[in-house]
Amino acid sequence: MAFPKTRMRRLRATEGLRGLVRETELSAARLMLPLFVVDAGSGHPSREPIATMPGVERLSISAAVAEAREAAALGIAAVMLFGIPGEKDEHGSAAWDDEGVVQVAARAIKQAQPELLVVTDVCLCEYTTHGHCGVLRADGSVDNDATVELLARIAVSHARAGADLVAPSDMMDGRVGAIREELDGEGFSEIPILAYSAKFASAFYGPFRDAAGSTPAFGDRRAYQMDPANAREAVREALLDVQEGADMVMVKPALAYGDLISAIKSAAGLPLAAYNVSGEYAMVKAAAAAGAIDERAAVLEILTSLRRAGADTIISYHAKDAARWLTEQS
Ligand code: PBG
């Protein structure tokens with residue numbers, strides 16, 4: 001039946017009708033808020049603005065606990081912790097220190113907000129002097145298998161500190177399996193792994209690297225992160241993570257990768273997270289500040305589009321604003 005009997009506009013006429021047939025829901029319970037936590041002594045400011053990410057700050061442990069409390073009050077599901085260590089070294093050893101910044105922050109947040117999920121980013125780039133996501137060989141390339149051992153050690157240390165989920169973001173081969181085995185061996189068989197399965201070598205991580213001080217000192221990450229041109233390979237990465245025991249998969253970045261959110265959601269059959277990354281956040285903030293877009297409408301549209309594409313959960317620096325706007329709406 002075609003026009004004029006069919007009129008698509010009938011069900012768009014009022015908010016009541018639109019709400020009745022809306023296909024995708026967005027709620028704070030689907031959001032995770034990333035936090036940058038700094039290991040700093042007294043004298044360091046408890047909150048330090050990040051120039052390229054207006055509204056986002058580097059936090060002391062106590063400021064991170066305050067942020068977590070606010071996130072929980074807004075109904076946000078989880079915080080995702082990124083650590084900025086006091087000392088970096090060649091191997092990134094501060095990453096698996098039980099008294100490291102993420103470990104201390106995870107314990108403090110779990111104690112203050114037991115219901116709020118704490119997800120930890122398992123990677124080495126913030127902890128190594130060279131800024132790469134693993135151990136370097138003499139020729140400057142990242143040694144996959146040596147790195148995987150360290151990642152497993154980091155994941156166990158995070159679990160010991162009370163992390164509810166561990167999220168490896170390094171893109172080494174075999175890390176999910178190795179982390180699973182190590183967690184199980186250490187008595188953490190109940191801790192799920194959220195695998196950054198399809199993580200691309202992207203131009204959209206710039207502000208994050210500013211925030212975390214993790215820009216590679218030389219070269220780039222294209223020998224371990226994926227080529228943005230590849231979709232079949234992304235699905236294969238996700239399926240390998242499923243085989244290795246991942247509980248959830250991730251697509252990162254989000255906005256230019258909606259096709260892969262959809263494809264991996266169907267192929268992997270696992271809950272999927274989309275990471276609405278720092279550069280995506282910075283673009284929206286800049287456009288809004290320039291008066292080019294309505295920030296609130298744009299953010300809610302973006303987050304809804306990621307849910308529509310197939311994301312069960314979204315990691316976003318907009319999480320607190322979005323959660324506020326969503327409660328105002330209803
Ligand atoms: C690596 C990591 C990065 C991001 C999350 N985990 C940076 C990178 O791969 O260079 C980027 C997140 C963002 O841009 O918001 N530990």
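Of all residues in segment 174-187, none satisfies being without any contact (Cβ under 8 Å) to a residue 12 or more places away in the chain and basic (Lys, Arg). What pairs come out if I take residues in segment 120-146 that are part of a loop (DSSP other than H, G, I, E, B) and pair them with residues that are of a type in the set (Lys, Arg) whose C-beta lies under 6 Å away, six or more apart or interchain? Going by the 6 Å Cβ cut-off, the qualifying pairs are 127/88; 129/88; 143/137.
Screening the candidates 166, 156 for the property of being more than 11 Å from the ligand (Cβ to nearest atom), within 18 Å of residue 118 (Cβ to Cβ) and touching a His at 6+ places or on another chain (Cβ under 9 Å) yields one hit, 166.
Whenever a residue of segment 249-265 is in contact (Cβ under 8 Å) with a residue 24 or more places away in the chain, its partners that are open to solvent by 10 Å² or more (accessible area, probe 1.4 Å) and charged (D, E, K, R), lying with C-beta atoms within less than 6 angstrom and at least six residues away or across chains, give the pairs 252/199. Looking across segment 184-213, the residues that are assigned to a loop (DSSP other than H, G, I, E, B) and exposed (fewer than 15 other Cβ atoms within 10 Å of the Cβ) come down to 187, 189, 190. Look through segment 118-145, keep the residues that are aliphatic (A, V, I, L, M) and open to solvent by 10 Å² or more (accessible area, probe 1.4 Å), and return whichever of them is farthest from the ligand (Cβ to nearest atom). Here the residue is 138.
Checked against the criterion of being under 20 Å from residue 90 (Cα atoms) and in a loop (DSSP other than H, G, I, E, B), the candidates 228, 216 yield just one match: 216.
Cβ-Cβ distance below 8 Å, separation of 6 or more or different chains: which pairs start in segment 9-23 with a residue that is acidic (Asp, Glu) and end on one that is open to solvent by 90 Å² or more (accessible area, probe 1.4 Å)? Final answer for the pair search is 23/308. Looking at segment 265-275, is at least one residue within 16 Å of the ligand (Cβ to nearest atom), under 16 Å from the mean Cα position of the chain (by Cα), modelled with pLDDT of 95 or more and part of a helix (DSSP H, G or I)? Looking through segment 265-275, none of the residues is within 16 Å of the ligand (Cβ to nearest atom), under 16 Å from the mean Cα position of the chain (by Cα), modelled with pLDDT of 95 or more and part of a helix (DSSP H, G or I). Going by the structure shown, is residue 233 open to solvent by 30 Å² or more (accessible area, probe 1.4 Å) and either assigned to a helix (DSSP H, G or I) or hydrophobic (A, V, I, L, M, F, W, C) (or both)? So residue 233 passes the test.
Listed by first and then second residue, the pairs linking a residue in segment 197-225 that is within 20 Å of residue 140 (Cβ to Cβ) and within 9 Å of the ligand (Cβ to nearest atom) to a residue that is in a helix (DSSP H, G or I) and among the charged types (D, E, K, R), with Cβ atoms under 7 Å apart and 6 or more places separating them unless they lie on different chains, are 215/209.
If you go through segment 174-183 and keep only what is surrounded by fewer than 24 Cβ atoms within 10 Å (Cβ to Cβ) and either part of a helix (DSSP H, G or I) or touching a Phe, Trp or Tyr at 6+ places or on another chain (Cβ under 9 Å) (or both), you end up with 177, 178, 180, 181, 182, 183. Among the basic types (Lys, Arg), within 22 Å of residue 251 (Cβ to Cβ) and modelled with pLDDT of 95 or more: which single residue out of 180, 153, 160 fits that description? After ruling out the rest, the residue left standing is 180. Put simply, of 51, 112, 95 the only residue that is touching a residue at least 12 places away in the same chain (Cβ under 8 Å) and buried (at least 18 other Cβ atoms within 10 Å of the Cβ) is 95. Tallying residues that are within 13 Å of the ligand (Cβ to nearest atom), open to solvent by 10 Å² or more (accessible area, probe 1.4 Å) and not in a strand (DSSP E or B) within segment 236-255 yields 1. Scanning segment 305-330 for residues that are more than 16 Å from residue 76 (Cβ to Cβ) and either buried (at least 17 other Cβ atoms within 10 Å of the Cβ) or within 15 Å of the ligand (Cβ to nearest atom) (or both) turns up 305, 309, 310. Checking each residue of segment 42-56 against the condition of being out of contact with any Pro (no Cβ under 7 Å at 6 or more places or on another chain) and among the charged types (D, E, K, R) gives at least one match.
The values are calculated or read from the model by the stated rules, or taken from the named source; none is laboratory data. These numbers come from a predicted model, not from an experiment. With ideal geometry, Cβ positions are generated from the backbone for all residues, glycine too; neighbour counts draw on all protein chains shown. Only protein heavy atoms, including side chains, enter the accessible area calculation; ligands, DNA and RNA are left aside. Shrake-Rupley method; radii C 1.70, N 1.55, O 1.52, S 1.80 Å.
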